[in-house]
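Novice: Below is one structure. I have some questions about it.
The values are calculated or read from the model by the stated rules, or taken from the named source; none is laboratory data. Everything quoted here is computed from the prediction, not taken from an experiment. Using ideal geometry, Cβ is built from the backbone for each residue, glycine included, and neighbour counts are taken over all protein chains shown. Side chains included, ligands, DNA and RNA excluded: accessible areas come from the protein's heavy atoms. Shrake-Rupley method; radii C 1.70, N 1.55, O 1.52, S 1.80 Å.
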Amino acid sequence: MAPPPLLRLDGVRLTFGGTPLLTGVELNVLPGERIALVGRNGSGKSTLLKIAAGQVEPDSGEVFLKPGTTLRYLPQEPDFGDFTSVGAYVASGLGPADDPHRVTRCLDAMGLTEEMKPENLSGGEARRAALARTLAPEPDIVLLDEPTNHLDLPTIEWLEDEVRQMKSAVVVISHDRRFLERVTRATVWIDRGAAKRLDEGFSGFEAWRDKVLEEEERDVQKLDRKIVREEHWLRYGVTARRTRNMRRLGALHDLRQQRRDTRRAVGQVSMEASATRESGKLVIEAVGISKAYDERTLIDNFSTRIARGDRVGFVGPNGIGKTTLLKMLIGALKPDSGKVKLGTNLDLAFLDQKRAALDDNLSVQNAITDGRGDQVMVNGEPRHVVGYLRDFLFTPEQIRTPTGKLSGGERARLLLAKTLATPANFLVLDEPTNDLDMETLDLLEELIANYPGTVLLVSHDRDFLDRTVTSVISPDGSGRWLEYAGGYTDMLTQKREARKTEATGGTAAAKPLRRAGGSGAQQSTARSGPKLSFKQKFALESLPKEIARLEAAIAKAETEMADPALFAKNARRFAELASAVDTNRAALSKAEDEWLQLEMQRAEIEG
């Protein structure tokens, strides 16, 4: 027999602004349970957690907390109040019977000290302090709202271990699939105001959800067919007794009302990146770049080459230098030493993790159009802002809402919409997964995986990295950065193999990816071996000039073809120019490939 629940929510209802948010939700939390609370952005997950924590009063329904049960709640935005130190803030969460030494232990695990000032904390540090305050008391129930947001991978992995070892019951909201798969044993899905429970961890949720939605869609189709049959009878078959007809007519009205009351699943986000011209084959060449701050070396002698079509992920602890390295590679920050060369025809779109591109005082419409009317250009075609934003699940009523009033998930979707509307062949995404729900993440993953241009992204989401990137750049902690083929899991495998090899004194079976020139951490002294021939050396020197000549010829022809009257005036000339562009593009691609191969060969020979 199951023990009685520590926390029970029964028939909870809540309406915001005339719109029902929760319509009779039930939630039972048993001792030691691990529950994933999932649903679309705006479905009411965070609100339900606040109701469970006693911070929001429902319109109706019962919230029962077993007497003597201790509960702690982690909000998305921590409030430090008037606390003058992190230690005092964390200690304020302890009860009379709690161990005060847990404060120091949790802060140490989070990389924080008790003396730190709340006003000086970064977003990630503030999140870790709030986590320490929530976990230090070891309560009977822990409610966690997006605990992995702004955390680096080492802290996320520590939190996973901590949650698995806790005796507390845990209810957690998170977009991090890997985290949910590892810590949960039950799943509650908030969908269209109601709660549906699956007595399995998150790993079984998505297949179950899809099955539920398919069954609902079949039921709706059956209802539609039944209504059509009854309406046909109403028009053509009213020949029976009047009392029977009135009863059947009433049943038809009931069916129509049932259909009106049916709430379909929330629509899917529609994502498409605005296309532009094709970039050159070589996108970035970095040679021996370094950067230090306050005598601390963040990047030491790093080299790499990134080609068109590469999707490169950057991982590592917060403060290690990921964003610094990213900005140096795209030319936004000058290295202390070394050089960075950017390729040709690069059109960059940049998504900043701090959402700095959004002005809180601008309306949603002006944020997406930069204040230029009600049209936005997508793939060279004008689209009305309402229609475009509907693809990202914004309602027409929201277009005049100040961006500062949007939720975290809505701001994330708006910034994605703005970034993807920018014509680009080079996407740079700094923490793009923060605050996105899983359905939106799925589409973003698909977009990145199929993107024809080049992608650089910083992320702490392991599942997202595994699904999107072709290589991962990671630090070793001393300023050296290494590049590994594959996703995050591939990187871990290669690191384990390298450690095993070092322990046995053998030759590494799995080495970090070595692009042309390798990373600075892998360069060595020059080795003996084959040398470039005279012909190869000549080609290496002359090909850049040929590439520049071909690019100029293509640009000149395309400028002439851009004249809208050219085809009508001289169709033959237009055809000649189009043929020349195709020929020169093929020659340009061949020349770039040949130069890149020779440059790779030269770098290998020179070590």
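Novice: Restrict the check to segment 327-350 and report whether at least one residue is out of contact with any Ser or Thr (no Cβ under 9 Å at 6 or more places or on another chain) and modelled with pLDDT under 90. Don't jump to the end; show me each part of the working.
Specialist: Filtering segment 327-350 for residues out of contact with any Ser or Thr (no Cβ under 9 Å at 6 or more places or on another chain) gives 327-328, 330-332, 334, 339-342.
Adding the requirement that they be modelled with pLDDT under 90 leaves none.
Scanning segment 327-350 turns up no residue that is out of contact with any Ser or Thr (no Cβ under 9 Å at 6 or more places or on another chain) and modelled with pLDDT under 90.
Novice: If you don't mind, there's one more thing I want to ask. Out of curiosity, is residue 399 at pLDDT below 90 and open to solvent by less than 10 Å² (accessible area, probe 1.4 Å)?
Specialist: No.
Novice: I'm checking my understanding of the structure. Among residues of segment 476-497 that are open to solvent by less than 30 Å² (accessible area, probe 1.4 Å) and among the hydrophobic types (A, V, I, L, M, F, W, C), which one is modelled with the lowest pLDDT?
Specialist: The first filter runs over segment 476-497 and keeps only residues open to solvent by less than 30 Å² (accessible area, probe 1.4 Å), leaving 479, 481-484, 486-488, 491, 494.
In the following step, the residues that additionally are among the hydrophobic types (A, V, I, L, M, F, W, C) were identified as 481-482, 491.
On the way: 481: 93, 482: 92, 491: 89.
Here the residue is 491.
Novice: Something else: If the requirement is being surrounded by fewer than 22 Cβ atoms within 10 Å (Cβ to Cβ), assigned to a helix (DSSP H, G or I) and of a type in the set (Ser, Thr, Tyr), which of these qualifies: 113, 104, 155, 84? Steps first, please.
Specialist: On the way: 113 fails: assigned to a helix (DSSP H, G or I); 155 fails: surrounded by fewer than 22 Cβ atoms within 10 Å (Cβ to Cβ); 84 fails: assigned to a helix (DSSP H, G or I).
None of the other options fit; the residue is 104.
Novice: Which of the residues that make up segment 355-385 are farther than 17 Å from residue 397 by Cβ and among the β-branched types (Val, Ile, Thr)?
Specialist: Residues satisfying the conditions are 369, 376, 378.
Novice: Can you find, within segment 159-182, the residue that is farthest from residue 442 (Cα to Cα) among those that are open to solvent by 10 Å² or more (accessible area, probe 1.4 Å) and part of a helix (DSSP H, G or I)?
Specialist: Restricting to residues being open to solvent by 10 Å² or more (accessible area, probe 1.4 Å) and part of a helix (DSSP H, G or I), the top hit is 165.
Novice: Return yes or no: is residue 334 buried (at least 19 other Cβ atoms within 10 Å of the Cβ) and not β-branched (Val, Ile, Thr)? So that I can check it myself, show each step before the final result.
Specialist: Working: buried (at least 19 other Cβ atoms within 10 Å of the Cβ): no; not β-branched (Val, Ile, Thr): yes.
Against the criterion (buried (at least 19 other Cβ atoms within 10 Å of the Cβ) and not β-branched (Val, Ile, Thr)), residue 334 does not qualify.
Novice: Just give me the residues in segment 449-500 being among the hydroxyl-bearing types (Ser, Thr, Tyr), free of Cβ contacts under 8 Å to residues at least 60 places away in the same chain and touching a strand residue (DSSP E or B) at 6+ places or on another chain (Cβ under 7 Å), in sequence order.
Specialist: Pass one, segment 449-500, residues among the hydroxyl-bearing types (Ser, Thr, Tyr): 451, 454, 459, 468, 470-471, 474, 478, 484, 488-489, 493.
When the remaining residues are screened for being free of Cβ contacts under 8 Å to residues at least 60 places away in the same chain, the result is 484, 489, 493.
Once the filter is applied, which keeps residues that are among the hydroxyl-bearing types (Ser, Thr, Tyr), free of Cβ contacts under 8 Å to residues at least 60 places away in the same chain and touching a strand residue (DSSP E or B) at 6+ places or on another chain (Cβ under 7 Å), segment 449-500 yields only 484.
Novice: Please list, ordered by first then second residue, the pairs with beta carbon atoms under 8 Å, 6 or more apart or interchain, first in segment 311-336 and free of Cβ contacts under 8 Å to residues at least 60 places away in the same chain, second surrounded by fewer than 17 Cβ atoms within 10 Å (Cβ to Cβ) and among the aliphatic types (A, V, I, L, M).
Specialist: 324/333; 327/333; 336/292
Novice: Of the residues that sit in segment 561-607 and are among the hydroxyl-bearing types (Ser, Thr, Tyr) and surrounded by 13 or more Cβ atoms within 10 Å (Cβ to Cβ), which one is modelled with the highest pLDDT?
Specialist: Residues of segment 561-607 that are among the hydroxyl-bearing types (Ser, Thr, Tyr), as a first pass: 579, 583, 589.
Restricting the remaining residues to those that are surrounded by 13 or more Cβ atoms within 10 Å (Cβ to Cβ) gives 583, 589.
Numbers: 583: 85, 589: 75.
Among those that are among the hydroxyl-bearing types (Ser, Thr, Tyr) and surrounded by 13 or more Cβ atoms within 10 Å (Cβ to Cβ), it is 583.
Novice: Could you pull out the residue among 346, 358, 393 that is assigned to a loop (DSSP other than H, G, I, E, B), open to solvent by less than 50 Å² (accessible area, probe 1.4 Å) and touching a Phe, Trp or Tyr at 6+ places or on another chain (Cβ under 6 Å)? Before the answer, list the steps.
Specialist: Values: 358 fails: touching a Phe, Trp or Tyr at 6+ places or on another chain (Cβ under 6 Å); 393 fails: touching a Phe, Trp or Tyr at 6+ places or on another chain (Cβ under 6 Å).
Just a single option satisfies the conditions, and that option is 346.
Table: residues versus (1) closer than 30 Å to residue 172 by Cα; (2) open to solvent by 30 Å² or more (accessible area, probe 1.4 Å); (3) part of a loop (DSSP other than H, G, I, E, B).
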site	(1), (2), (3)
412	yes, no, no
422	no, yes, yes
434	yes, no, yes
447	yes, no, no
474	yes, no, no
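Novice: Quick check: anything in segment 12-23 more than 29 Å from residue 161 (Cα to Cα), out of contact with any strand residue (DSSP E or B) (no Cβ under 7 Å at 6 or more places or on another chain) and among the small types (Gly, Ala, Ser)? Spell out how you get there, then give the answer.
Specialist: Going residue by residue through segment 12-23, those that are more than 29 Å from residue 161 (Cα to Cα) are 12-23.
In the following step, the residues that additionally are out of contact with any strand residue (DSSP E or B) (no Cβ under 7 Å at 6 or more places or on another chain) were identified as 16-20.
Narrowing further to those that are among the small types (Gly, Ala, Ser): 17-18.
The answer is yes, given that some residue of segment 12-23 is more than 29 Å from residue 161 (Cα to Cα), out of contact with any strand residue (DSSP E or B) (no Cβ under 7 Å at 6 or more places or on another chain) and among the small types (Gly, Ala, Ser).
Novice: Taking the residues in segment 273-292 that are of a type in the set (Gly, Ala, Ser), modelled with pLDDT of 85 or more and part of a loop (DSSP other than H, G, I, E, B) as candidates, determine which candidate is surrounded by the fewest Cβ atoms within 10 Å (Cβ to Cβ). Walk me through how you get there before you give the answer.
Specialist: Start the filter on segment 273-292 by keeping residues that are of a type in the set (Gly, Ala, Ser), which leaves 273-275, 279-280, 286, 288, 290, 292.
Next, from what is left, pick out any that are modelled with pLDDT of 85 or more: 279-280, 286, 288, 290, 292.
Then keep just the ones that are part of a loop (DSSP other than H, G, I, E, B); that gives 279-280.
Working: 279: 23, 280: 19.
Ranking the candidates gives 280 first.
Novice: Provide a single number: the residues in segment 531-587 that are among the charged types (D, E, K, R), more than 41 Å from the chain's Cα centre (by Cα) and within 17 Å of residue 599 (Cβ to Cβ).
Specialist: Total satisfying the criteria: 4.
Novice: Another question about this same structure. Only residues that are open to solvent by 20 Å² or more (accessible area, probe 1.4 Å) and hydrophobic (A, V, I, L, M, F, W, C): list them for segment 127-152, please.
Specialist: None - no residue of segment 127-152 is open to solvent by 20 Å² or more (accessible area, probe 1.4 Å) and hydrophobic (A, V, I, L, M, F, W, C), so the list stays empty.
Novice: Sticking with this one: In the set 25, 56, 63, which member is in contact (Cβ under 8 Å) with a residue 24 or more places away in the chain and crowded, with 21+ Cβ neighbours inside 10 Å?
Specialist: 25
Novice: Residue 95 fails exactly one of the following numbered conditions: (1) at pLDDT 90 or above; (2) open to solvent by 10 Å² or more (accessible area, probe 1.4 Å); (3) out of contact with any Phe, Trp or Tyr (no Cβ under 9 Å at 6 or more places or on another chain). What is the number of that condition?
Specialist: Against the list (1) at pLDDT 90 or above; (2) open to solvent by 10 Å² or more (accessible area, probe 1.4 Å); (3) out of contact with any Phe, Trp or Tyr (no Cβ under 9 Å at 6 or more places or on another chain), residue 95 comes up short only on (1).
Novice: Which one of 39, 32, 124 is at pLDDT below 95, open to solvent by less than 70 Å² (accessible area, probe 1.4 Å) and in contact with a His (Cβ under 8 Å, 6 or more places away or on another chain)?
Specialist: Numbers: 39 fails: in contact with a His (Cβ under 8 Å, 6 or more places away or on another chain); 32 fails: in contact with a His (Cβ under 8 Å, 6 or more places away or on another chain).
Step by step, each of 39, 32, 124 is checked, and only 124 is at pLDDT below 95, open to solvent by less than 70 Å² (accessible area, probe 1.4 Å) and in contact with a His (Cβ under 8 Å, 6 or more places away or on another chain).
Novice: Which residue pairs have Cβ atoms under 8 Å apart, sit 6 or more places apart or on different chains, and have a first residue in segment 32-43 that is closer than 24 Å to residue 70 by Cα and of a type in the set (A, V, I, L, M, F, W, C) and a second that is in a loop (DSSP other than H, G, I, E, B) and open to solvent by 20 Å² or more (accessible area, probe 1.4 Å)?
Specialist: Correct list of pairs: 35/185.
Novice: Could you list, ordered by first residue, the pairs with Cβ atoms under 8 Å in which the first is in segment 73-85 and at pLDDT 90 or above and the second is open to solvent by 30 Å² or more (accessible area, probe 1.4 Å) and among the polar types (S, T, N, Q), at least 6 apart or interchain?
Specialist: From residues that are at pLDDT 90 or above, the pairs are 73/55; 83/92.
Novice: Filter segment 10-55 for residues that are in a strand (DSSP E or B) and either of a type in the set (Asp, Glu) or in contact with a Pro (Cβ under 8 Å, 6 or more places away or on another chain) (or both) and give the result. Break it down into steps so the answer makes sense when it comes.
Specialist: Step one: of segment 10-55, the residues in a strand (DSSP E or B) are 10-16, 19-29, 34-38.
Passing the criteria: 10, 12, 13, 14, 22, 26, 28, 29.
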